[in-house]
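Chemist: The structure's right below; bear with me while I get my questions together.
Here, each number is a calculation from the coordinates, and none is a lab measurement. In this text, all values refer to a predicted model and were calculated from it rather than measured experimentally. No Cβ is skipped: glycine too gets one built from the backbone with ideal geometry, and neighbour counts run over all protein chains shown.
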Amino acid sequence: MSVPIILPELGVRDGTVRVSCWLVDLGDHVDAGDRVVEVWIPGITCDVSAPVAGVVTRIDKPFESTARTGDVLGWIEPEDAA
């Protein structure tokens, strides 16, 4: 079962950030803790890490889209599901 990549609480007043860069592509293998997406808060960029090891299967929030705390940014199919 796929695992969501969720935007964590980053201390932004309204919880809104902009996706500035995906560091992986669909089909890429990632390890748990790998940086997978960079988000921009005015004046600062933050990385979001992979919650599990596996393959990136979907990107829900593409480059330059906005996201709020708790939004699903994308999905990973865990290694143990294969």
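Chemist: Separation between the Ser49 and Glu9 pseudo-spin-labels, each 7 Å from Cα along Cα→Cβ, expressed in nm?
Modeler: Going from the Ser49 label point to the Glu9 one covers 1.8 nm.
Chemist: Go ahead and set up a Gaussian network model of the chain, Cα springs under 10 Å, then flag whichever of Asp14, Asp60, Asp71 fluctuates most.
Modeler: In the Gaussian network model the winner is Asp14.
Chemist: Give the residue list of trypsin sites (Lys or Arg not before Pro) in the chain that are DSSP loop and have at most 14 other beta-carbon atoms within 10 angstrom.
Modeler: Passing sites in the chain are Arg13.
Chemist: Check each of the GluC sites (Glu not before Pro) in the chain and keep only those in coil by DSSP with at most 11 other C-beta atoms within 10 angstrom; list them in order.
Modeler: Glu9, Glu64
Chemist: Once the chain is represented by equal point scatterers at the alpha-carbon sites, with solvent omitted, what log10 I(q)/I(0) does the Debye formula produce at q = 0.15, 0.16, 0.19 Å⁻¹?
Modeler: -0.47, -0.53, -0.73
Chemist: Show me 19-25, 50-56 ranked by packing, highest mean number of other Cβ atoms within 10 Å first.
Modeler: Those peptides, ordered most packed to least, come out 50-56, 19-25.
Chemist: List residues of the stretch 20-51, by number, whose backbone nitrogen lies under 13 Å from a label position 7 Å along Cα→C-beta of Ser65.
Modeler: 20-22
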